[in-house]
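A short reminder: the numbers here are calculations on the coordinates, not readings from a lab. This is a predicted model, so every value here is computed, not measured. Every residue, glycine as well, gets a Cβ built from its backbone with ideal geometry; the counts of neighbours run over all protein chains shown.
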Amino acid sequence: MAKITTINHVTLIVDQLEKAAEFYEQILGLEVIPAFVFDYPTAFFRINDQQQLHLTEWEDQQSFRGHICVTVDDFNSLFWQVKEMGIIDIKPWGKLRQLPDGAMQLFIRDPANNLLEISSPPDYQVDPKIFEDEFYQEGLYVSGRNDFRGYKSEDATLYHGGDEPKK
Ligand SMILES: [Fe+2]
């Protein structure tokens, strides 16, 4: 049986390629790399040696709660920046939180309205002022659905140790 080994790239659908590309370059620090010569608007970005982000312009419908989660190396400065920009979205998954494994969890919208989860590694030194911010809330997000199906544990983590980027 085949097994998935890595996530190679994530493709986000955007309504305006140049505007979205500027956001991923300027706000999230990604480097543009060459894309294949497709006959539609697209841009590729290097995340690391194994992973890319692809943006492509189409008029598709977007998901309200579906998201990609990215780990950033400077969660503190990004939090204050996206707060200032007004792009934090607490509607799908609630406010900024610290997960039980210590990782921070923040949801923002890109210029094309794609939902991004911003994560910090569990051992990251969070600016204490963030815990006093109006966007911060303690504990896991509670949806009110009271439906506990799934595979769950108090020991869950987004970071298994090993090759995750530190700080
Ligand atoms: Fe997530």
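For the reader, a short list of remarks on this structure follows.
- Bridge orientation summary for the chain: considering DSSP beta bridges with both residues in this region, about 55 percent are antiparallel.
- For the chain, with +1 on Lys and Arg beta carbons and -1 on Asp and Glu, the positive-most of GLN98, PHE36, ILE118 along the dipole: GLN98
- Taking HIS67, HIS54, HIS160 and counting other C-beta atoms within 10 Å, the order from fewest to most: HIS160, HIS54, HIS67
- Computed over the chain, the per-residue total of -39500 (n - 2.57) for DSSP H runs of n ≥ 4 gives a 222 nm mean residue ellipticity of -4000 deg cm²/dmol, rounded to 500.
- Given charges at beta-carbon only (K, R positive; D, E negative), |dipole| of the chain in Debye: 540
- Short-range pairs are left out: with C-alpha atoms under 8 Å and at least six residues apart, the relative contact order of region 31-144 is 22 percent.
- The magnitude of the dipole of region 71-167, with charges of +1 and -1 set on the Cβ of Lys/Arg and Asp/Glu and taken from the Cα centre, is near 360 debye.
- Considering only region 1-60, percent of DSSP beta bridges that pair antiparallel, nearest 5: 55
- Placing a label point 7 Å from the Cα of TYR151 along the Cα-to-Cβ direction, the residues of region 89-123 with a backbone N closer than 19 Å are 101.
- Within the listed set ASN114, ASN76, ASN48, the Gaussian network model of the chain (springs between alpha-carbon atoms below 10 Å) gives the highest mean-square fluctuation for ASN48.
- Computed about its Cα centre, the charge dipole of region 1-60 is approximately 380 debye, with only Lys, Arg, Asp and Glu carrying charge at their Cβ.
- One chain, two ends: ARG65 and ALA35. Fully extended at 0.36 nm per residue, the span grows by 8.0 nm beyond their Cα-Cα distance.
- Most mobile listed residue (PHE38, PHE107, PHE23) in the chain, GNM with C-alpha springs under 10 Å: PHE38
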